[in-house]
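K.L.:
Please find one structure pasted underneath; my questions will follow.
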Amino acid sequence: MSGYGKTTEKQRAALVIKALEEKYPAGECGLVWTGDPFRLIIMAILSAQCTDARVNMIAPALFAAFPTPAAMASAEIKDIEELIRSAGLYHSKALALKECSARIAGVYGGKAPSEMKDLLTLRGVGRKVANLVRGDVFGLGGIVADTHCIRINGRLGFSGGKDALETEKSLDKLIPLEKQSAYCHRMVLYGREICTARSPKCGECVIKDLCGYGKDK
């Protein structure tokens, strides 16, 4: 593996992609959305300040009660709240789920839209969730700039490391479109396991030699 500073930024990015592909061959979303785009959107909204594991626990009962956008749109807020209470922020999330579902049902015929401008009109959906949906559902790529992605790519020197939109734009130029979704999923796994926020395990890092932060450790 070539060292930091001995390659171009794009070459380093390609080496990082390869190393993480070898470590995490699957590169899949942590949310168990079972191939249903509506389900992915709802679960992604629920995942704000909540773990994927918790959302995966909540999802079966929620979608058993409200399996379609129309069903969730017509639900009583209190009934949604009761089912998602353990996700935290359940008052605001329940309202987001209901209004998001109503727009999908009423404006988009019950089907998740694929265009960024349309996804951003859904309550609770920002660029992070929109890019997740565009990449995982429609194969359109998209950088999901969550906290792990922002932190790790900042340490790598691929982005500023603080701002989601800046990270998204920087990585969009470096990561091939067809690899963007899996790259971001691998960032989450790596951020949880190795490149943690407070005490990164640089000694165990497979991309240490490509990292401006790691090379100093």
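K.L.:
Which residue is modelled with the lowest pLDDT, if the candidates are limited to segment 177-217 and must be aliphatic (A, V, I, L, M) and more than 20 Å from GLN11 (Cβ to Cβ)? So that I can check it myself, show each step before the final result.
P.N.:
Of the residues in segment 177-217, the ones aliphatic (A, V, I, L, M) are 177, 182, 187-189, 194, 197, 206-207, 210.
Those still in the list that are more than 20 Å from GLN11 (Cβ to Cβ) too: 188-189, 194, 197.
On the way: VAL188: 96, LEU189: 96, ILE194: 97, ALA197: 93.
By that ranking, first place goes to ALA197.
K.L.:
Quick check: is even one residue across segment 120-136 on the phi > 0 side of the Ramachandran plot and assigned by TED's automatic domain parsing to the domain that holds GLN49? If you could, list the steps in order and put the result at the bottom.
P.N.:
Start the filter on segment 120-136 by keeping residues that are on the phi > 0 side of the Ramachandran plot, which leaves 124.
Next, from what is left, pick out any that are assigned by TED's automatic domain parsing to the domain that holds GLN49: 124.
Scanning segment 120-136, I find at least one residue that is on the phi > 0 side of the Ramachandran plot and assigned by TED's automatic domain parsing to the domain that holds GLN49, so the answer is yes.
K.L.:
If you scan segment 202-217, which residues turn out to be surrounded by 13 or more Cβ atoms within 10 Å (Cβ to Cβ) and not hydroxyl-bearing (Ser, Thr, Tyr)? I'd like the intermediate steps shown before the answer.
P.N.:
Quick first cut of segment 202-217, residues surrounded by 13 or more Cβ atoms within 10 Å (Cβ to Cβ) only: 202, 205-215.
Passing the criteria: CYS202, CYS205, VAL206, ILE207, LYS208, ASP209, LEU210, CYS211, GLY212, GLY214, LYS215.
K.L.:
Moving on to the next point. Could you grab me the full set of residues in segment 82-95 that are closer than 15 Å to ALA53 by Cα, surrounded by fewer than 20 Cβ atoms within 10 Å (Cβ to Cβ) and in contact (Cβ under 8 Å) with a residue 24 or more places away in the chain?
P.N.:
At the first step, the residues of segment 82-95 found to be closer than 15 Å to ALA53 by Cα are 84-88.
Within this subset, residues satisfying the condition of being surrounded by fewer than 20 Cβ atoms within 10 Å (Cβ to Cβ) are 85-86, 88.
Of everything in segment 82-95, those that are closer than 15 Å to ALA53 by Cα, surrounded by fewer than 20 Cβ atoms within 10 Å (Cβ to Cβ) and in contact (Cβ under 8 Å) with a residue 24 or more places away in the chain turn out to be SER86, GLY88.
K.L.:
Check ALA64 against each of (1) at pLDDT 95 or above; (2) under 21 Å from the mean Cα position of the chain (by Cα); (3) loosely packed, with under 14 Cβ neighbours inside 10 Å; (4) not assigned by TED's automatic domain parsing to the domain that holds LEU189 and name the one condition it does not meet.
P.N.:
Of the numbered conditions (1) at pLDDT 95 or above; (2) under 21 Å from the mean Cα position of the chain (by Cα); (3) loosely packed, with under 14 Cβ neighbours inside 10 Å; (4) not assigned by TED's automatic domain parsing to the domain that holds LEU189, the odd one out for ALA64 is (2).
Conditions (1) surrounded by fewer than 20 Cβ atoms within 10 Å (Cβ to Cβ); (2) part of a loop (DSSP other than H, G, I, E, B); (3) modelled with pLDDT of 95 or more, marked per residue:
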| site | (1), (2), (3) |
| --- | --- |
| LEU20 | no, no, yes |
| GLN49 | yes, yes, no |
| ARG54 | yes, no, yes |
| ILE80 | no, no, yes |
| LEU97 | no, no, yes |
| CYS100 | no, no, yes |
| LYS117 | yes, no, yes |
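K.L.:
Pairs, please: C-beta under 8 Å, at least 6 apart or cross-chain, first residue closer than 17 Å to GLU22 by Cβ and in segment 177-204, second among the hydroxyl-bearing types (Ser, Thr, Tyr)?
P.N.:
So the pair list comes out as HIS185/TYR24; ARG186/TYR24; LEU189/TYR24; TYR190/TYR24.
The values are calculated or read from the model by the stated rules, or taken from the named source; none is laboratory data. This one's a predicted model, so the numbers in the text were calculated from it and none came from an experiment. Glycine gets a Cβ as well: all are built from the backbone with ideal geometry, and neighbour counts include every protein chain shown.
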